[in-house]
Each structure stands twice: as C-alpha cells, then as structure tokens.
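K.L.:
Here it is: the structure, laid out below.
The values are calculated or read from the model by the stated rules, or taken from the named source; none is laboratory data. Source: prediction; values computed, not measured. Here the Cβ is made from the backbone with ideal geometry for all residues, glycine too, and neighbour counts use every protein chain on show. For accessibility, only protein heavy atoms count, side chains too; no ligands or nucleic acids. Shrake-Rupley method; radii C 1.70, N 1.55, O 1.52, S 1.80 Å.
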Amino acid sequence: MKLRWSILLNFLIIVAVLLAVAGFQTTFWFQVFGNVPAPLLWLNLIVYVTLYRKPFPAIFTIYAMGFILLTFTAMPLKMMWISLLILFTLVYLIKSRVFWSGSGYYTIMCGFSAVAYHLIYFFSSMVLEKNPASFEIVDRLVQIILTPSFAFPMYWILAKLDKVTQDELMHEPGGLEL
C-alpha cells in the first residue's frame with residue numbers, strides 16, 4: 001500500500017491547525033475575553049475530519065488529535081478517547097443518513113456536536129471517574145452557543161487547505177443526499 005505525500009501533508013496541516021486553535025482557545029481567548037468560556041474550536045476540527053474523511057483515516061486522525069489535545073487539558077486519556085469515539089460514531093451515523101456538502105451542514109453538525117460532546121463527557125465522567133465532572137450549566141451553554149459560531153470561518157479555511165493538499169474529495173455521502 002502506497003502512502004501518498006499529499007495525505008501525510010494534509011495530516012500534518014490538520015495537526016498544525018489543531019495546535020493553533022487549541023492554543024488560541026486556551027491562552028489568547030482568556031487574555032481578550034476574560035472569564036467568558038472559550039468555544040471548543042478543536043471540536044469543530046474533529047467534526048470536519050469526521051465529515052470529510054473516510055472512516056478509518058478519520059478515526060486514526062481523531063485518536064491522534066485526542067492524544068495531542070492532552071497537552072492542553074487535565075482530562076485523562078480514557079475520557080478524551082471515549083468521548084471522541086462516541087462523538088465520531090454519532091456524527092458518522094447522521095452523516096450516513098443525511099449529508100450535503102457545504103458550510104451550512106457543517107455548522108449544523110458543529111452545533112449538534114457541541115451539545116452531544118458535553119452530554120457524552122458529563123455522563124461518561126459520571127460512570128468512569130471517581131470524581132465526576134461538575135455540571136456548570138452556564139459555562140456549557142456559552143460554549144454550545146459559541147462553538148458553531150466559529151464553524152463558518154473554520155470551514156472556509158479547512159476547505160481551502162483540503163483543496164491544496166488532497167487529490168480528491170474524501171467524503172462518502174450516504175442515505176439522502178440533499
């Protein structure tokens with residue numbers, strides 16, 4: 001099996017974007033906006049990889065992204081990978097039923113993923129950890145509102161990067177294509 005350089009280049013660019021958005025979210029955001037919770041920009045990137053990659057490369061990329069994100073959080077690895085795997089499964093199941101390419105669908109899926117990620121993380125923390133995560137309703141609602149608001153510019157940037165570094169579109173529409 002031959003590994004194309006464009007696939008490796010695209011993976012490295014995705015990792016660089018992940019480091020940039022996670023760094024922005026964890027440091028710069030609080031310098032500008034104070035105590036306002038930062039949007040989950042890395043989650044938008046994970047949704048993009050889930051929607052516009054084939055399943056096995058997407059899972060590999062998401063696991064690598066989860067491992068890289070550990071440097072920006074105090075979350076244990078098991079919680080990160082379990083949450084991301086369940087989120088991948090949910091988004092992929094929706095994508096296999098209804099999919100259309102474009103920023104509107106991507107924004108809708110980012111909004112869905114923000115809600116789903118918080119619920120997945122909260123309930124899996126209750127089951128798996130000795131000290132479960134606190135509910136913090138206001139912080140979670142602010143993140144749920146802010147995360148999809150950054151989806152359109154991220155989609156535009158990521159689509160341009162994919163156009164430069166990939167030979168073909170990687171999405172597999174299934175079910176009803178609108």
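K.L.:
In the full protein assembly as shown, how much of L90 is accessible to a 1.4 Å probe, in Å² to the nearest 10?
P.N.:
The accessible area of L90 comes to roughly 60 Å².
K.L.:
State the answer as a single residue: which of L146, Y48, Y121 lies farthest towards the positive end of the charge dipole of segment 45-178, with beta carbon charges of +1 for Lys and Arg and -1 for Asp and Glu, about the Cα centre.
P.N.:
It is Y121.
K.L.:
Further question: Which percent of the accessible area of the chain is formed by carbon and sulfur heavy atoms (probe 1.4 angstrom)?
P.N.:
Working: 7190 of 9860 Å².
Answer for the chain: carbon and sulfur cover 73 percent of the accessible area.
K.L.:
Quick check for you: with a 1.4 Å probe and neighbouring chains kept, what is the accessible area per residue of the chain, in Å²? Intermediate results must be reported in sequence, preceding the final value.
P.N.:
Working: 9860 Å² over 178 residues.
Value returned for the chain: 55 Å² of accessible area per residue.
K.L.:
Suppose accessible area is computed on protein heavy atoms with a 1.4 Å probe; arrange V98, V138 from highest to lowest.
P.N.:
Details: V98 50, V138 100 Å².
Of V98, V138, the descending order of accessible area is V138, V98.
K.L.:
Using a 1.4 angstrom probe on the protein heavy atoms only, line up K163, K130, K78, K95 by accessible area, largest first.
P.N.:
From most exposed to least exposed: K130, K163, K78, K95.
K.L.:
Something else: Rounded to the nearest 10 Å², what accessible area does F30 have for a 1.4 Å probe in the complete protein model?
P.N.:
Approximately 90 Å² for this residue.
K.L.:
Further question on the same structure: Read phi for every residue in segment 141-158 and hand back ³J(HN,Hα) as whole Hz from Karplus 6.51 cos²θ - 1.76 cosθ + 1.60, θ = phi - 60°, with x for Gly and Pro.
P.N.:
Using θ = phi - 60°, the values come out as 5, 5, 5, 5, 6, 6, 4, x, 5, 9, 5, 5, x, 5, 4, 4, 5, 5 Hz.
K.L.:
Another one. Which whole-number percentage describes the relative contact order of the chain, with Cα contacts under 8 Å and a sequence gap of 6 or more? Intermediate results must be reported in sequence, preceding the final value.
P.N.:
Numbers: 181 pairs, mean separation 60.6, N = 178.
It comes to 34 percent, rounded to a whole number.
K.L.:
Okay, moving on. Taking N as the number of residues in the chain, what is its alpha-carbon radius of gyration divided by 2.2 N^0.38 Å? Could you put the intermediate results ahead of the total?
P.N.:
On the way: Rg = 16.0 Å, N = 178, 2.2 N^0.38 = 15.8 Å.
Dividing the Cα radius of gyration by 2.2 N^0.38 Å gives 1.02.
K.L.:
Size of the dipole of segment 21-178 about the Cα centre, Lys and Arg at +1 and Asp and Glu at -1 on the beta carbon, nothing else charged, in debye to 20?
P.N.:
Numbers: 9 positive and 8 negative charges, 23 e Å.
With Lys and Arg at +1 and Asp and Glu at -1, about 120 debye.
K.L.:
Which value, in Å² rounded to 10, gives the accessible area of I120 with a 1.4 Å probe and all protein chains present?
P.N.:
Counting only protein heavy atoms, I120 exposes about 20 Å² to solvent.
K.L.:
Step through the residues of segment 28-42 one at a time and calculate ³J(HN,Hα) from phi using the Karplus curve (6.51 cos²θ - 1.76 cosθ + 1.60, θ = phi - 60°), rounding each to whole Hz and writing x for Gly and Pro.
P.N.:
Here the 3J(HN,Hα) series is 5, 4, 6, 6, 8, 9, x, 8, 5, x, 6, x, 8, 5, 5 Hz.
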